[in-house]
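Just below is one structure, and these are the notes that go with it.
The values are calculated or read from the model by the stated rules, or taken from the named source; none is laboratory data. Since we're looking at a predicted model, the values are computed, not measured. Glycine also receives a Cβ, built like all others from the backbone with ideal geometry; neighbour counts cover every protein chain displayed. Just so you know, the surface numbers come from the protein's heavy atoms only, side chains and all, with ligands and any DNA or RNA stripped out. Shrake-Rupley method; radii C 1.70, N 1.55, O 1.52, S 1.80 Å.
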Amino acid sequence: MTTRLTIRRPDDWHLHLRDGAVLRAVLPETARDFARAIVMPNLVPPVVTAKDAAAYRDRIVAALPEGAEFTPMMTLYLTEATDPADVAAAFADGLIHAVKLYPAGATTNSASGVRDLANVRPVLEKMAQIGLTLCIHGEVTDPEVDIFDREAAFIDRVLAPLRNDLPELPVTLEHVTTADGVAFVSEAPGRIAGTITTHHLMITRNHLLVGGIRPHYYCLPVAKRSRHRDALRAAATSGNPRFFLGTDSAPHVDALKETACGCAGCFTATVTMSCLAHVFEEEDALDRLEGFASLHGPAHYGLEPNDATITLEKRADPVTYPAKIETGDGPVTVFDPGVPLHWEVTA
Ligand code: DOR
Ligand code: ZN
């Protein structure tokens with residue numbers, strides 16, 4: 001039985017760091033295990049221009065703990081007013097690694113997102129031309145579509161037509177939550193990949209709703225039935241380089257989660273590597289953890305994997321983690337997978 005595993009240092013290809021007091025509190029949780037992360041731009045106001053991204057990057061770097069070795073990879077928030085030349089210059093400068101598409105109204109701070117892809121066509125064409133990745137929150141916002149069907153509907157109505165229309169545009173379908181998403185990413189031609197979160201590998205909608213409503217399991221896209229979680233586990237542990245880790249670790253203080261209209265987001269940064277080792281061991285695929293967490297992501301983004309390594313060890317007794325991270329704005333609850341975790345990062 002394997003009880004010790006050394007892998008290249010992982011990266012997180014979808015992360016929310018926020019700003020101010022929350023940024024200062026959550027950043028060390030990611031920087032501890034991860035070398036790099038694609039940082040989401042859905043601040044209030046959003047990170048729209050190259051100038052916004054440079055300023056946000058500087059705030060993140062200033063918030064890093066002494067001695068931390070962590071590089072934030074910035075993104076721009078796509079709006080219907082985004083200037084293709086600004087995007088291209090930010091990419092040429094090495095400032096940004098992706099542009100994020102939020103359908104307007106789909107999730108947290110998405111009000112400035114895109115209502116109609118036709119309105120951002122010049123930006124997408126430019127991105128296709130220069131090889132800049134579009135990261136996609138893949139859910140329709142049509143009020144007629146059931147929330148559990150919004151990812152599948154997005155693939156049919158938006159993503160499939162977009163791939164046909166602009167096959168050269170590199171795409172990351174983020175936080176895939178359905179068997180439909182797995183199938184699409186597996187089969188579509190061209191440069192396309194899917195990120196999978198920590199929590200969607202572990203929970204189903206039952207965790208959210210059985211025995212009482214559990215706001216800390218509420219995220220978007222919402223967790224689906226177990227058939228879909230099983231498809232995600234199969235994809236993550238398959239070795240297919242189109243699938244890699246994007247935690248979507250999304251901190252909200254407890255006051256904004258434990259309320260009549262709670263925010264979407266699971267804060268998983270602290271426990272992600274422990275959870276992943278647990279899942280990959282359950283799937284008898286520990287030898288594929290490195291691909292999922294450390295190799296496939298850099299390959300999709302045209303980067304080298306990290307030279308440094310981390311070591312995970314399996315303990316006889318469960319490993320404990322803090323239930324909450326304190327921030328200057330209040331506590332943030334750490335994701336509880338609901339099963340004992342025995343793996344921990346030791347070096
Ligand atoms: O659960 C989520 N939280 N999904 C998102 O798409 C946004 C994120 C956030 O920013 O809190
Ligand atoms: Zn997200």
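Here are some notes:
- Selection status of Pro65, more than 29 Å from Gly262 (Cβ to Cβ), assigned to a loop (DSSP other than H, G, I, E, B), touching a helix residue (DSSP H, G or I) at 6+ places or on another chain (Cβ under 6 Å) and not hydrophobic (A, V, I, L, M, F, W, C): yes
- Of all the numbered requirements in (1) under 20 Å from the mean Cα position of the chain (by Cα); (2) closer than 25 Å to Ala277 by Cβ; (3) within 15 Å of ligand 1 (Cβ to nearest atom), Val222 misses one, and that requirement is (2).
- Members of segment 162-190 found to be within 16 Å of ligand 1 (Cβ to nearest atom) and among the small types (Gly, Ala, Ser), listed by number: Gly181
- So Arg191, is it surrounded by fewer than 23 Cβ atoms within 10 Å (Cβ to Cβ), away from ligand 2 (no atom under 16 Å from the Cβ), of a type in the set (Lys, Arg) and closer than 21 Å to Ile38 by Cβ: yes
Quick grid of which residues meet (1) in a helix (DSSP H, G or I); (2) closer than 28 Å to His216 by Cβ:
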position: Leu289; (1), (2): yes, yes
position: Ala293; (1), (2): yes, yes
position: Pro298; (1), (2): yes, no
position: Asp317; (1), (2): no, yes
position: Thr320; (1), (2): no, yes
position: Val339; (1), (2): no, yes
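- Looking across segment 1-33 at every residue that is in a loop (DSSP other than H, G, I, E, B) and either within 16 Å of ligand 1 (Cβ to nearest atom) or of a type in the set (Asp, Glu) (or both), the one that is most open to solvent (accessible area, probe 1.4 Å) is identified as Asp19.
- Among the residues of segment 71-110, not one is away from ligand 2 (no atom under 16 Å from the Cβ), more than 25 Å from Asp11 (Cβ to Cβ) and in a strand (DSSP E or B).
- Arg214 vs. criteria without any contact (Cβ under 8 Å) to a residue 24 or more places away in the chain and open to solvent by 10 Å² or more (accessible area, probe 1.4 Å): yes
- Those residues of segment 1-48 which are under 22 Å from Ala285 (Cβ atoms) and within 13 Å of ligand 2 (Cβ to nearest atom), in sequence order: Asp12, Trp13, His14
- At least 3 residues being touching a residue at least 12 places away in the same chain (Cβ under 8 Å) and aliphatic (A, V, I, L, M) is the threshold, and among the strands (runs of 3 or more DSSP E) wholly inside segment 111-198 those reaching it are 192-196.
- The single condition from (1) touching an Asp or Glu at 6+ places or on another chain (Cβ under 7 Å); (2) within 14 Å of ligand 1 (Cβ to nearest atom); (3) among the charged types (D, E, K, R) that Arg233 fails is (2).
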